[in-house]
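The values are calculated or read from the model by the stated rules, or taken from the named source; none is laboratory data. Just so it is clear, the model here is predicted, and its values are computed rather than measured. No Cβ is skipped: glycine too gets one built from the backbone with ideal geometry, and neighbour counts run over all protein chains shown. These area figures cover heavy atoms from the full protein model, side chains too; ligands, DNA and RNA do not enter into them. Shrake-Rupley method; radii C 1.70, N 1.55, O 1.52, S 1.80 Å.
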Amino acid sequence: MEKSKTRRSRDRLSELPDSLIFHIFWFLPMRDVVRTTILSKRWENLWITTTCLKFDGSELYFENDKVRNFVNRALLYWRGIKILKLKIDFCSHPDRSFFSDFNLWVRFAVDKNVEELYVHRDKTSPDQYLVPQYLYSCSSVKLLSFKGCNLQIRGNVRWNHLKSLTIDDKCYINCEDVFNQILRGSPQLEVLTLALCNNTQNLSIQSSSLKKLSIDNHLYNCHPFKDAKLRIWTPNLETLEIWGVPYSECLLTSVSSLTHATLGFYGLDIYEDELFHDHNALWELLRQIVPTIQHVESVTLSDWCIKVLGDPKKKNLLSPLSNVKFLKLHAYFEGYEDIVNLLEIFPKVKMLVLQEEKEVQFVNLLTSTKFNAKSCLKFQAHLPDSFLLHLREVEISWADNDDSIFPFIEIVLKHACNLERIVIRVIRVEGLMPPSDSLFLASRKLLRMQRSSPNCRVDIL
């Protein structure tokens, strides 16, 4: 009896190791972290030694002065030895009067040998936080993330242990050489993410340590096909992602370690309402890139790349990418002919994923066409016997009530003789689709389709 009482009276919270508790703190609003003092005697002062501090302006529903005082007092009470993570995310507080406090908070982190630092500001604010120069010589930092900041480097960068760097959401870069300074001063950098930054129209990335490079570029204040050039020299790069408006030139050299390539070029800027549908220019760009990624095993393509590469007049001008086993397409199903033509360039693909963006799903719901069996049969007459010979699995996101998916599925079922499974993930858009028996009708259509693989299973999820 005494043992059972002892078990019931055990304080399991107090038995948790500090490292696990600090990890939990990272996922809580800072106000709640402070409130954990009431949980037990051991937790009474635990938060003041935590190695993970996160101040999120969206969670601090105070006036600016109160928010500033809350952060300053929390850091004043802190009695730890080292900070592993510090996040300053004040996108909801655009007041530039915070900048002097930001400097104090960043200095605090640097003095405590911070390893992960997030400095996030409102991306729409005209006033950008100028990153202090002493941060560029913080040798302890291993992860850095900037949003809405101004990066102007005077002197040398000494991020000797930096592994991951994100420069995101309209950060201001005073000159293109900033990236070269960063790369020269970050000998262990493995992950570099550049998103929506200015001064990225002429990028030259040279690094022997990079393993993942992601570029999302709107190419502000320049013509996409005349002014923008990208050069990459990264012998150990494994993953390359390029999103946004196309460059005029893209030179990839020494990328022999590359295993996954994403070409996410698009021709419609839905935010600026501008069109860049120059297919010939994109074709010339892709002709530069595709020969350099012949060895990759995984490829992701945007809908515009699909349309250009799937042009029947041009698809035979490129050598097949025979090493690609995984292919992901951000596609319009109404253009299934482009998708099928494109697949001929990937003769040994085993896993195919087709994903529609939310904007595309919305449009398809309003403009979806009916399944035309005669047109589909006529199109299939031109497909080679070896088409989809190695395909094993297909995963498709499908907007309910959109019939444009079925011609493509019919072609896959008929020609992929070794296909094992098709997974159709239903995407429902709230407020647009009335209750219907569309899933039942879809199942009936699928059952009537000819299948060359007797073992193929079709799952609708």
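A few notes on this one:
- Accessible surface of residue 37 - all protein chains present, 1.4 Å probe, nearest 10 Å²: 40
- At full extension, residue 104 and residue 314 could sit 69.8 nm farther apart than now, given 0.36 nm per residue minus the alpha carbon distance.
- Residue pairs exceeding 23 angstrom between C-alpha atoms, taken from 307/350; 328/414; 348/445; 315/350; 112/163: 348/445.
- Counting only heavy atoms of the protein chains and using a 1.4 Å probe, residue 66 has close to 120 Å² of accessible surface.
- Nearest-0.05 FRET efficiency for residue 64 and residue 18, computed from C-beta distance (R0 22 Å): 0.10
- Taking 79, 121 and ordering them by how much accessible surface each has at a 1.4 Å probe, largest first, produces 79, 121.
- Accessible area of region 47-88 divided out per residue, in Å², using a probe of 1.4 angstrom: 51
- Rg/Rh ratio calculated on Cα atoms of region 72-193 (Kirkwood radius): 0.94
- Our estimate of slack between residue 447 and residue 426, defined as 0.36 nm per intervening residue step minus the Cα-Cα distance, is 5.8 nm.
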